[in-house]
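Structure first, then comments.
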Amino acid sequence: MTLIAFNKPMNVLSQFTDEGRWPGLARWIDVPGVYAAGRLDRDSEGLLLLTDDGRLQARITAPGSRTPKTYYALVEGTPDTAALDALRRGVALKDGPTRPAEVAEVAAPDWLWPRDPPVRFRKSVPDAWLRLTITEGRNRQVRRMCAHVGLPVLRLIRWSVGDWTLDGLPAGEWRRL
C-alpha cells in the first residue's frame, strides 16, 4: 500500500491532469497508481492524501467515517462569541445543517509559508485566524460555514486528516507515509 502526504499549493487542482490554466498533481507527484483520497479546492492549500488503496481511500472520504479534518482559516472580520458558538453547534447551509465543528481563534501559525499570490491586505478591515475541525467533507464547507456567520475566508489551509498532518512538509513537497 502506498500513502502519500502532499502539501498542495494554492491554485493547484486535486487531480493529475491540468485543466485550462490550472496545473494538476502530475507536475509535483510522479508515483504511478495513486489517486487523491478526497479533494482540496483549487484555492485552498495544505494536506492532500494520495493512495493506491481503495479501502483506505473510502475510509478517509466516506461521510459515515467522520474522519476529522483540521483547517486553519484566515477570515475577514473579528470573530465574536456568537459566530464561534454557531460554528460549534453547526450551521444551516443550503444543502442542510452541518455537524458541529471544533473551533477556536488562534494566533497566525508559526509554520506558515508565503502564499502565491499573497492574501490581499486591507488596513480598514481586521482579520483573524481560526482553527476548525470538521467531520464532514462537503464542497467548500469550511468557507461556506464561515461566510454563514459573517467571516469570509481569505486563506484556507488543511493541516490534518485523521492522524496525518502537514508537520514539517513544505508547500509543494510530498512524502510517503
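From the list 125, 153, 142, 149, which residue is more than 12 Å from the chain's Cα centre (by Cα) and closer than 19 Å to residue 90 by Cα? I'd like the intermediate steps shown before the answer.
Details: 125 fails: closer than 19 Å to residue 90 by Cα; 153 fails: more than 12 Å from the chain's Cα centre (by Cα); 142 fails: more than 12 Å from the chain's Cα centre (by Cα).
Sole residue among the options that is more than 12 Å from the chain's Cα centre (by Cα) and closer than 19 Å to residue 90 by Cα: 149.
Scanning the range 5-25 for residues that are within 16 Å of the chain's Cα centre (by Cα) and among the β-branched types (Val, Ile, Thr) gives a single hit, 12. Of a type outside the set (Lys, Arg), assigned to a strand (DSSP E or B) and in contact with a helix residue (DSSP H, G or I) (Cβ under 7 Å, 6 or more places away or on another chain): does that describe residue 151? In short, no.
Let me confirm something: among 50, 13, which residue is over 21 Å from residue 168 (Cβ atoms), modelled with pLDDT of 95 or more and buried (at least 17 other Cβ atoms within 10 Å of the Cβ)? Give the steps one after another, and end with the answer.
Working: 50 fails: over 21 Å from residue 168 (Cβ atoms).
Answer to the check: 13.
Quick test for you: out of 132, 151, 166, pick the one residue that is closer than 11 Å to residue 5 by Cβ, crowded, with 16+ Cβ neighbours inside 10 Å and not β-branched (Val, Ile, Thr). Walk me through it before giving the result.
Numbers: 132 fails: closer than 11 Å to residue 5 by Cβ; 151 fails: closer than 11 Å to residue 5 by Cβ.
Answer to the check: 166.
Taking the criterion of being basic (Lys, Arg) and not in a loop (DSSP other than H, G, I, E, B), the only residue of the range 126-138 that qualifies is 131.
A Cβ distance below 6 Å, combined with a sequence gap of six or more or placement on separate chains, defines the contacts here; from the range 17-46, residues that are surrounded by 13 or more Cβ atoms within 10 Å (Cβ to Cβ) reach residues that are in a loop (DSSP other than H, G, I, E, B) and β-branched (Val, Ile, Thr) in the pairs 23/12; 24/17; 34/2.
The values are calculated or read from the model by the stated rules, or taken from the named source; none is laboratory data. Note that this is a predicted model, so its numbers are computed, not measured. Here the Cβ is made from the backbone with ideal geometry for all residues, glycine too, and neighbour counts use every protein chain on show.
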